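Novice: Structure incoming, see below.
The values are calculated or read from the model by the stated rules, or taken from the named source; none is laboratory data. Model, not experiment: these values are computed from the prediction. FYI the Cβ positions are ideal-geometry reconstructions off the backbone, even for glycines, and counts take in every protein chain you see. We work out accessible area using only protein heavy atoms, side chains counted, and drop any ligands, DNA or RNA first. Shrake-Rupley method; radii C 1.70, N 1.55, O 1.52, S 1.80 Å.
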Amino acid sequence: MTPVPPAASPTDAPIPLVDLKAAYHRQKDEIDAAIRAVVENTRFIQGLEVVEHERAFAAFTGTRYCLGTGSGTASIHLILAALGIGPGDEVAVPAHTFIASAEPISWRGARPRFVDVDPVTGCIDPDALKASIDGVRAVIGVHIHGRPFDLDAIGAVTAAAGVPLIEDAAQAHGADYVRADGTVVRVGTYGLAAAFSYYPGKNLGAFGDAGSITTNDEALYEKMRRLRDHGSVRKYDHEVVGFADRLDTLQAAVLNVKLPRLAEGNERRRALAALFTEKLTGVGDLWIPPETPNRRSVYHHYVIRTKHRDALHAYLNERGIGATIHYPRPVHLQPAYAFLGHRRGEFPNAEAWADEVLSLPIYPELTEAQLDRIVAEVKAFFAGR
Ligand SMILES: *Cc1c(COP(=O)(O)O)cnc(C)c1O
C-alpha cells in the first residue's frame, strides 16, 4: 500500500472557492443514509422526498407553494412558459448576471431586454428598468451574489406597468428584505414566482442539477406543476404539452438533510463577510461590498472590486486561493447574444462590474485561519505595488 502523504499544513493548503467536500463530511452519515433509503425503495422519480422537500422549502421561504424542478434554469423557464411568454415577446433582465437568467427567455422564442444595474449593489436598477419597461411582458430581477434587489422599488415599477415580476433567487436562499415600515420580506415571496437553484455550489446545494420554484399563486402553481411533468399530474393523462423538468428524488433526499443547516450556514457566511470587510477596508484601491441593512445578503459570493483585478486574480490563484470572476462578461456582450447587436457602452454599470469584480472564497466551512491567509495574500499583493 502506498503511504498516505502527510497532509498539507493548514497554512499552505489550497483554499478552494467553495469546499463541497467539507460540506459533505459535516453531514456524511445522514446524507449517506438518506441516499441509501432512496436507492432501497427505488422511488427515483417523484418520490416522497420530493414532496417533503417542497413542503419544507415552502415553509423556510414562507410561500404557499414550492415546486421541485430539474434546475434553476428550468425553474425560470417553467415560470415563463406558464405565463405564456412566447415569440414576439420581450422580457426585461439585468445585464450583470449569470447567462441562465436570460437563456430561458430565448428558449420561449422571446427576446431578452437587458437593463443596467445599480453601481453599488449590482442588482437591477429601478430607474433603468422604468426607462425601458414599455412593452415588456415580464421582468426578471436577480438577487445577485446573494443580495436582494430593491423589491419595493422594482415592484413599484412593475406594478405601474402592469407586468409580472419574477425573482431569480438562485443565489439568495434565505436572504431578507426589510421594508421601510420594518416588515421583513423573504426573497422568493415577493414576486409572482421565484426561481431557486440547488446547483452544488449554491447556498443550498444538491449533488447534481436541481432547483425549485416558490409562489403564492395557486393557478400559476397548478400550471407549472403540469408543465414540469409532461403536462400531467396523473400518469398518462396529458392535458398540455409539457417538459421533463422534475426534481430527482435522490437530490431531494440530499436537500432534506441540508436544508435544516441553511440558516446557520447563511449566518456563518454573513459573519465571514463582516470579517473580510473589517480586515480589507482601506487595502489598496479595493472596493468592499457595503452591508445594506435593509437588504440582508446571504453572501453567495463575497465580491470585491479593483482596477488591478486581473493581476490580483492571477496572484491569488498562483498562491492556491480559488478566487474567481462572477462574471467576466456581461450577458449583452456574450457571443451567444451577439445577434441582438448590443455594443460596449450600452450598460456601463454592468460593464464596470464585469471589468473589476473578483469573488473571494466564502462558504460556511471556511475557517478564520483560512480567511486570514486570504486577507494576508491580498494585502501582500497591494504592498508589492
Ligand atoms: C445558478 C444560477 C442560475 C441557474 O441555476 P442552475 O440550477 O444552474 O440551472 C440562474 N441564475 C443565477 C443568477 C444563477 O446563479
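Novice: Using the Cα gyration tensor of the chain, with a ≥ b ≥ c the square roots of its eigenvalues, what is the shape: rounded (a/c below 1.5), prolate (a/b larger than b/c) or oblate (neither)?
Specialist: Here the chain falls in the oblate category.
Novice: Taking only DSSP H segments of four or more residues, each worth -39500 (n - 2.57), what value at 222 nm results for the chain once the sum is divided by all its residues, to the nearest 500 deg cm²/dmol?
Specialist: Calculated at 222 nm, the ellipticity per residue is -11500 deg cm²/dmol.
Novice: Now, a different point. What accessible area per residue comes out for the chain, rounded to a whole number of Å², with a 1.4 Å probe?
Specialist: 43
Novice: What are the ³J(HN,Hα) values, in whole Hz, obtained from phi via the Karplus relation 6.51 cos²θ - 1.76 cosθ + 1.60 with θ = phi - 60°, for each residue of region 304-320 in sequence order, with x given for Gly and Pro?
Specialist: For region 304-320, the Karplus-derived couplings read 9, 10, 7, 5, 9, 3, 4, 5, 5, 4, 5, 4, 5, 4, 4, 9, x Hz, x marking Gly and Pro.
Novice: Ok, one more. Relative contact order of the chain, please, whole-number percent, based on alpha carbon pairs below 8 angstrom and at least 6 residues apart.
Specialist: Averaging sequence separation for qualifying contacts and normalising by length gives 22 percent for the chain.
Novice: Simple spin-label model, 7 Å along Cα-to-Cβ: A13 to E278 in nm?
Specialist: 2.4
Novice: Still on this structure, I have one more. Considering only DSSP beta bridges whose two residues both sit in region 71-167, what percent are antiparallel, to the nearest 5?
Specialist: 10
Novice: Give, as ranges by residue number, the residues of region 323-340 whose backbone N falls under 13 Å from the point 7 Å along Cα→Cβ of A383.
Specialist: none
Novice: Using a Förster distance of 22 angstrom, determine the FRET efficiency expected from the C-beta separation of A156 and I99, and round it to 0.05.
Specialist: 0.20
Novice: Next question, about the same structure. Taking the Cα of K235, stepping 7 Å toward and past its beta carbon, and measuring to each backbone N in region 26-57: which are under 17 Å?
Specialist: 41-51
Novice: What FRET efficiency comes out for the pair D32/A352, r = Cβ-Cβ distance, R0 = 51 Å, nearest 0.05?
Specialist: 0.65
Novice: Still on this structure, I have one more. What net charge do the residues around H342 carry, taking every other residue with its C-beta under 13 Å from that of H342, with Lys and Arg at +1 and Asp and Glu at -1?
Specialist: With Lys, Arg at +1 and Asp, Glu at -1, the neighbours total +2.
Novice: Right, next: If I take the Cα coordinates of region 8-61 and project them onto the principal axes, what are the three extents in Å, biggest first?
Specialist: Cα spread of region 8-61 along its principal axes, largest to smallest: 45, 30, 16 Å.
Novice: Would you mind checking region 132-161 for residues with the amide N under 17 Å from a putative spin-label position 7 Å along Cα→C-beta of T292?
Specialist: Under cut-off, by backbone N: 140-158.
Novice: Enumerate the calculated ³J(HN,Hα) couplings along region 217-222 in order (Karplus 6.51 cos²θ - 1.76 cosθ + 1.60, θ = phi - 60°), each rounded to whole Hz, writing x wherever the residue is Gly or Pro.
Specialist: After applying 6.51 cos²θ - 1.76 cosθ + 1.60, I find 8, 5, 5, 5, 4, 5 Hz.
Novice: Now a separate question. Show which aspartates and glutamates lie in cross-link reach of K258 when reach means a straight Cα distance below 16 angstrom and same-chain residues fewer than eight apart are skipped.
Specialist: D19, D29, E30, D32, E49, E52, E54, D209, D248, E267, E365
Novice: Which value, in debye to the nearest 20, describes the size of the charge dipole of the chain about its Cα centre when Lys and Arg Cβ atoms bear +1, Asp and Glu Cβ atoms bear -1, and nothing else is charged?
Specialist: With Lys and Arg at +1 and Asp and Glu at -1, about 260 debye.
Novice: Taking H placed 1.01 Å from N in the peptide plane, check which residues at least 5 places from I15 or on another chain put their amide H under 5 Å from its amide H.
Specialist: Sorted by chain and number, the residues that satisfy this are I321, G322.
Novice: A further question on this structure: Measure off, as a whole percent, the carbon and sulfur share of the 1.4 Å-probe accessible area of region 28-260, all protein chains present.
Specialist: On region 28-260, the fraction of accessible area on carbon and sulfur atoms equals 52 percent.
Novice: What does the highest-first list of 120-126, 26-32 look like by mean Cβ count within 10 Å?
Specialist: My ranking of the peptides, most packed first, is 120-126, 26-32.
Novice: Of the listed peptides 69-80, 361-372, 336-347, 169-180, what is their order by residue-averaged count of other C-beta atoms within 10 Å, with the highest listed first?
Specialist: Most protected by this proxy first, the peptides run 69-80, 169-180, 361-372, 336-347.
Novice: Turning to a different aspect of this structure: What shape does region 136-278 take by its C-alpha gyration tensor, where a ≥ b ≥ c are the square roots of the eigenvalues and a/c under 1.5 counts as rounded, a/b above b/c as prolate, and the rest as oblate?
Specialist: It is oblate, given that a/c is not under 1.5 and a/b is not larger than b/c.
Novice: Restricting to the chain, compute how many DSSP beta bridges are antiparallel as a %, nearest 5.
Specialist: 65
Novice: Compute the Cα gyration tensor for region 235-355, then decide on rounded, prolate or oblate, letting a ≥ b ≥ c be the square roots of its eigenvalues: rounded whenever a/c is under 1.5, prolate when a/b is larger than b/c in the other cases, and oblate in all that remain.
Specialist: It comes out oblate by the Cα gyration axes.
Novice: How would you rank 272-282, 38-48, highest first, on the average number of other Cβ atoms within 10 Å across their residues?
Specialist: With the highest mean Cβ count within 10 Å placed first, the list reads 272-282, 38-48.
Novice: Please list 3J(HN,Hα) in residue order for region 324-331, calculated via the Karplus relation 6.51 cos²θ - 1.76 cosθ + 1.60 where θ = phi - 60°; whole Hz, with x for glycine and proline.
Specialist: 8, 9, 10, 9, x, 9, x, 4
Novice: Mind listing the long-range amide H neighbours of V142? Cut-off is under 5 Å, sequence gap 5 or more, other chains count too, H placed in the peptide plane at 1.01 Å from N.
Specialist: Counting only residues 5 or more places away or on other chains, the set is I124, D168.
Novice: Same structure, new question: Taking the Cα-to-Cβ direction at I45 and at Y24 and moving 7 Å from each Cα, how far apart do the two end points lie in nm?
Specialist: 2.7
Novice: Now for a different question. Would you please give the FRET efficiency between E368 and E318, computed as 1/(1 + (r/R0)^6) with r the Cβ-Cβ distance and R0 = 30 Å, to the nearest 0.05?
Specialist: The computed FRET efficiency comes out at 0.80.
Novice: A further question follows. In region 263-383, if the dipole is taken from +1 on Lys/Arg beta carbons and -1 on Asp/Glu beta carbons about the Cα centre, which of Y302, G284, G345 is farthest to the positive end?
Specialist: Sorting the options by dipole projection puts first G345.
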